[in-house]
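Working notes for the structure below.
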Ligand SMILES: C[S@@+](CC[C@H](N)C(=O)[O-])C[C@H]1O[C@@H](n2cnc3c(N)ncnc32)[C@H](O)[C@@H]1O
């Protein structure tokens with residue numbers, strides 16, 4: 001999680017990723033392997049991983065996450081009441097939970113749906129898919145997919161309009177806490193960091209082929225790390241000296257050697273880990289591709305509720321809602337009657353909602369969460 005964000009990701013970086021994601025989206029339907037074979041691969045990978053403890057001290061984030069989780073497989077849902085209330089669930093409506101995780105929001109939505117209601121959930125993580133098997137409910141459908149394929153996947157089920165969409169962005173506590181996933185500097189493990197364990201490039205694979213300049217851009221733009229250049233140089237020097245970075249432990253050590261100043265209580269590698277995670281999972285591109293799909297999918301009065309955990313994400317959500325809800329693009333004294341102006345397709349609902357002190361105390365991970373809500377108007 002980052003505080004005091006100063007710079008936005010470069011447009012070039014985002015648009016090149018958008019192009020590759022669009023391509024991936026087209027292939028999505030045909031490329032899906034059977035879930036069974038993915039699960040067995042996952043089990044094999046988990047058993048291959050070593051999880052010895054690292055010598056690096058815990059950061060405040062790691063501490064926060066440790067406080068947050070009761071067990072390896074638990075996730076405390078953030079802004080549960082607020083987000084589901086914001087959707088104003090219609091008993092017979094069709095809803096989408098784009099980020100199932102451990103199903104906290106999903107279960108709450110199902111509680112509010114009547115017998116004719118429907119909920120389709122997405123997650124790209126196979127452990128999340130596995131955990132969804134505990135929900136035995138005819139109204140519920142789980143889809144293993146990244147949410148940027150939402151519109152295509154729903155169309156494949158004959159669904160072109162929905163009454164609400166929820167996105168609770170970022171990673172879940174089980175993802176961080178499972179050493180083998182390679183998301184955390186608290187454990188020494190293979191440097192994976194993919195939310196979808198069945199496809200895509202791992203962080204180690206990226207570090208093996210990237211250029212120093214590209215790596216520095218990624219660390220700077222997605223981690224807002226002021227020592228990005230020094231860190232990139234240190235990583236590439238290691239690689240050139242025959243010590244390619246393949247584990248979280250190696251990465252943490254190399255970054256610690258390159259960062260001379262960092263926030264008190266924070267592991268020096270915090271921002272680099274965040275940057276690589278965002279890059280490997282194309283998190284900002286996913287979000288940018290999905291916002292227009294939400295607009296297209298929502299029926300009039302349908303609502304979207306998005307929970308962000310850092311300002312890079314929140315900026316995309318805020319900007320999208322603002323662009324669709326406001327007439328900022330028109331000059332102040334535009335000589336046209338108000339009724340003749342193109343009408344907005346979205347209406348922002350209330351102000352951004354943040355967790356209260358009680359929730360933050362109970363669940364420190366929630367402290368950077370921001371919920372934004374928008375409603376689809378009747379304008380086609
Ligand atoms: C913060 S957790 C969601 C927790 C959930 N709301 C709950 O209450 O249990 C985020 C989840 O979204 C998934 N996720 C993140 N980005 C995704 C994407 N682009 N497509 C699909 N799933 C994604 C992650 O794998 C993770 O399981």
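Odds and ends about this structure:
- Selection count where residues are surrounded by 18 or more Cβ atoms within 10 Å (Cβ to Cβ) and in a helix (DSSP H, G or I), scope the range 197-212: 4
- Count of the range 87-121 residues, restricted to those that are within 16 Å of the ligand (Cβ to nearest atom) and not in a helix (DSSP H, G or I), is 14.
- Candidate set from the range 136-146 (those that are more than 15 Å from residue 200 (Cα to Cα) and in contact with a helix residue (DSSP H, G or I) (Cβ under 7 Å, 6 or more places away or on another chain)); member that is farthest from the ligand (Cβ to nearest atom): 139
- Checked against (1) within 25 Å of residue 223 (Cα to Cα); (2) assigned to a helix (DSSP H, G or I), residue 323 passes all but condition (1).
- Scanning the range 73-83 for residues that are more than 10 Å from the ligand (Cβ to nearest atom) and touching a strand residue (DSSP E or B) at 6+ places or on another chain (Cβ under 9 Å) turns up just one, 82.
A quick yes/no check of all residues on (1) without any contact (Cβ under 8 Å) to a residue 24 or more places away in the chain; (2) surrounded by 21 or more Cβ atoms within 10 Å (Cβ to Cβ); (3) in contact with a strand residue (DSSP E or B) (Cβ under 6 Å, 6 or more places away or on another chain):
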position: 284; (1), (2), (3): no, yes, no
position: 289; (1), (2), (3): no, yes, no
position: 304; (1), (2), (3): no, yes, yes
position: 311; (1), (2), (3): no, no, no
position: 316; (1), (2), (3): no, yes, no
position: 324; (1), (2), (3): no, no, yes
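- Of the residues making up the range 342-380, those that are closer than 23 Å to residue 302 by Cα and over 24 Å from the mean Cα position of the chain (by Cα) are 342, 343, 344, 345, 377, 378, 379, 380.
- Residue match in the range 288-304 (condition: under 17 Å from the mean Cα position of the chain (by Cα) and either more than 17 Å from residue 147 (Cβ to Cβ) or outside any helix (DSSP H, G or I) (or both)): yes
- Listed conditions (1) in contact (Cβ under 8 Å) with a residue 24 or more places away in the chain; (2) assigned to a helix (DSSP H, G or I); (3) not assigned by TED's automatic domain parsing to the domain that holds residue 101 are all met by residue 265, apart from (2).
- Within the range 133-163, being free of Cβ contacts under 8 Å to residues at least 40 places away in the same chain and over 14 Å from residue 296 (Cα atoms) holds for 133, 134, 135, 136, 137, 138, 139, 140, 141, 143, 157, 158.
- Check on residue 158, outside any strand (DSSP E or B), at positive phi and within 8 Å of the ligand (Cβ to nearest atom): no
- Residue among 141, 106, 99 that is surrounded by fewer than 19 Cβ atoms within 10 Å (Cβ to Cβ) and touching a strand residue (DSSP E or B) at 6+ places or on another chain (Cβ under 7 Å): 141
- Subset of the range 171-183 [crowded, with 24+ Cβ neighbours inside 10 Å and assigned to a loop (DSSP other than H, G, I, E, B)]: 172, 182, 183
- When each of 147, 183, 100 is tested for being outside the structural domain of residue 299 (by TED's automatic domain parsing) and either under 23 Å from residue 312 (Cβ atoms) or within 15 Å of the chain's Cα centre (by Cα) (or both), the lone residue that passes is 183.
- Test result for residue 233, under 30 Å from residue 82 (Cα atoms), in contact (Cβ under 8 Å) with a residue 24 or more places away in the chain and more than 16 Å from the ligand (Cβ to nearest atom): no
The values are calculated or read from the model by the stated rules, or taken from the named source; none is laboratory data. Since we're looking at a predicted model, the values are computed, not measured. All Cβ positions, even for glycine, are placed from backbone atoms using ideal geometry, and neighbour counts span all protein chains on display.
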